[in-house]
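Chemist: Structure provided below as structure tokens; questions to follow.
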Amino acid sequence: MPDHPQDASRGYVDVDGHPRLRSSIVGFLDIMGFSQAIEHSRDHCEGQVLVDRIVSALNDARGYVRRSLAEEFAALPPNWGVKFFSDNLVVGYPFEEPGSAALAARFILACSQRYQLRMAVSGFFIRGALTEGLLCLTDDIIFGSALLECYHLESRTSIVPRVILAEPLKMLLSDAIATGQASSHGLGAAICRDIDGWWFVNYLEAAREQGVIDWELVAAHKRSILESLAGVKRHDVLPKYGWACRYHNMFCHWYRDSPGYSDQYRIERADETSVIDRIGDGGTIV
């Protein structure tokens, strides 16, 4: 994330400092169940514990994104924008030429992966949406049809802890995959297709660096899911963590032949079937 406040809006102002609407890769990410957590923290002590937890998780997630993408941050111009408010994160990366859109999308996907993973192991599961469209993101204003599309998809369609790809971004990445750009940007492993057809960010892929799985990080993800499940009393929330269990186990299945793997990293469940696919595994792209 930008290290200085003035960097946050650099890509969305002109040379005179006026805000400008620009074609961008846009993400809206929300902490699942945060409103309910606030409602349950009715006294000062409980509220302070929640504040401390969320601040610690956000700092950890931001630091992890910076460290793990240090080379990308150094190589890319500092013209992307990010803004936190309450339990939400809005991120945008403007691009000038159509050919640079896939690179911008890969960068936003990588940031989303790492942010989701670190927040999840801290006990905060993320849902949201990514798209391609118009955005203006400065310290003073957040505006654009792309943000509105992401917000509606997050609140009405994401449902479970996943960050889905809206149709404009799906089409952009479909073209990148069809023309061979996917292999150079690692897009095939970064995106999954769910049983309902929605593409979503494969955030556990952030636990794999240079072909090596950080199984301790996967184990931390498992513990976080189980701890979250243990605290759930609402029947409408249970299926959301059930989805997280299935996704976790699919990741373990994909990398069951990798060094260091053990069945202990899986979450024991009665319903083991899943039709989550990685886009890069082949088949027809729909």
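The values are calculated or read from the model by the stated rules, or taken from the named source; none is laboratory data. All values reported here derive from a predicted model rather than from experimental measurement. Counting neighbours? That spans all protein chains shown, and the Cβs are built from the backbone with ideal geometry, glycine included. Heavy atoms of the whole protein, side chains included, go into the accessibility calculation; ligands, DNA and RNA do not. Shrake-Rupley method; radii C 1.70, N 1.55, O 1.52, S 1.80 Å.
Chemist: How about segment 172-252: which trypsin sites (Lys or Arg not before Pro) there lie in a loop by DSSP and see at most 12 other Cβ atoms within 10 Å?
Modeler: LYS233, ARG234
Chemist: Follow-up. Positive end of the dipole of segment 115-161, charges at C-beta (+1 Lys, Arg; -1 Asp, Glu), about the Cα centre: which of GLY144, VAL160, LEU134 has its Cα farthest in that direction?
Modeler: Looking along the dipole axis, the top candidate is VAL160.
Chemist: Here is a follow-up. For TYR12, TYR255, what's the largest-to-smallest order of accessible area, 1.4 Å probe?
Modeler: Largest to smallest exposure gives the sequence TYR255, TYR12.
Chemist: At 1.4 Å probe size, put SER224, SER155 in order of accessible surface, largest to smallest.
Modeler: SER155, SER224
Chemist: Lysines near LYS240 by alpha-carbon distance under 23 Å, same-chain residues fewer than 8 away left out - which ones?
Modeler: Answer for LYS240, where 23 Å is the Cα cut-off: LYS222, listed by chain and number.
Chemist: Heavy atoms of the protein only, probe of 1.4 Å, neighbouring chains included. What is the accessible area of THR179 in Å², nearest 10?
Modeler: 100 Å²
Chemist: At 25 °C and 0.890 mPa s, what whole-number value in µm²/s does Stokes-Einstein give for the translational diffusion of segment 75-147, with Rh from the Kirkwood sum over Cα pairs?
Modeler: The diffusion coefficient I find is 183 µm²/s.
Chemist: Still on this structure, please answer the following. Arrange the residues TYR64, TYR115 by how much accessible surface each exposes, largest first, with a 1.4 angstrom probe.
Modeler: Heavy-atom accessible area, descending, gives TYR64, TYR115.
Chemist: Here's something else I'd like to know. When the expected Rg is taken as 2.2 N^0.38 Å, what fraction or multiple of it is the alpha-carbon Rg of segment 133-197?
Modeler: 1.30
Chemist: Give me the accessible area of ASP277, 1.4 Å probe, in Å² rounded to the nearest 10.
Modeler: That residue has around 70 Å² of solvent-accessible surface.
Chemist: A further question follows. Around ILE31, what is the net charge, scoring Lys/Arg as +1 and Asp/Glu as -1 over all other residues with Cβ under 9 Å from its Cβ?
Modeler: -1
Chemist: Let me ask something else. Expressed as a whole percent, how much of the Cα-Cα distance distribution for segment 143-248 exceeds 19 Å?
Modeler: 55 percent
Chemist: Same structure, new question: Might you work out the accessible area of MET171 for me, using a 1.4 Å probe with all protein chains in place, and round it to the nearest 10 Å²?
Modeler: Ignoring ligands and nucleic acids, MET171 comes out at about 90 Å².
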